[in-house]
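Please read the structure below before turning to the comments.
The values are calculated or read from the model by the stated rules, or taken from the named source; none is laboratory data. All of these numbers come straight from a predicted model, not from anything done at the bench. Because the Cβ atoms are built from the backbone with ideal geometry, glycine has one as well, and the counts that use them run over all protein chains shown. The protein model used for the area step is the full one, side chains on, heavy atoms only, and it has no ligands, DNA or RNA in it. Shrake-Rupley method; radii C 1.70, N 1.55, O 1.52, S 1.80 Å.
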Amino acid sequence: MNSSIAPFHLAIPVYNLPECRAFYRDILGCEEGRSSDSWVDFNFFGHQLVIHYKPKEEELNLHTNPVDGKSVPVPHFGIVLPWDIFHAFAENLSNKNIDFIIEPYIRFEGLIGEQATMFFKDPSGNALEFKSFKDIGQLFAK
């Protein structure tokens, strides 16, 4: 695994820019960067996340795939955090009354690839997954 990871850039649509701006800044703790009337840049754990205003469309059914007997939303994005930071972050989100799609839990406990994971949505319905590996060296282990 490359120890020097290049930051990714991800732009996502949001239909309520002020509400999502507050969510990423105040709930997730992302530092705000440049912005305009229609978009906002964030430092998303060292990566560049941009929320772009897009008018709300008709409600679409959320697509999910079964994983560990849970319904994982597709698409989703997120970040891999260090083990202790993940657990503190999950507790912080719980204290902020985040409505989890999948509550924080441990996958592959005691096995190769042991990881903690959780899923939730931003106010515009974008699904996020935050995860952590007990041993980050097993990020891509089979």
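Numbers below:
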read-out: Selected residue [out of contact with any Ser or Thr (no Cβ under 8 Å at 6 or more places or on another chain) and closer than 27 Å to R21 by Cα] from L62, L111; value: L62
read-out: Any hit, the range 115-127, residues being in contact with a strand residue (DSSP E or B) (Cβ under 9 Å, 6 or more places away or on another chain), acidic (D, E) and surrounded by fewer than 18 Cβ atoms within 10 Å (Cβ to Cβ); value: no
read-out: Single residue of the range 1-47 satisfying the filter (in contact with a Pro (Cβ under 8 Å, 6 or more places away or on another chain) and open to solvent by 60 Å² or more (accessible area, probe 1.4 Å)) that is modelled with the highest pLDDT; value: E19
read-out: Any hit, the range 108-117, residues being of a type outside the set (V, I, T), in a strand (DSSP E or B) and within 12 Å of the chain's Cα centre (by Cα); value: no
read-out: Test: residue in the range 84-94 that is crowded, with 16+ Cβ neighbours inside 10 Å and outside any helix (DSSP H, G or I); value: no
read-out: Top-ranked residue of the range 48-63 - restricted to ones that are surrounded by fewer than 16 Cβ atoms within 10 Å (Cβ to Cβ), more than 16 Å from the chain's Cα centre (by Cα) and assigned to a strand (DSSP E or B), ranked as modelled with the lowest pLDDT; value: H63
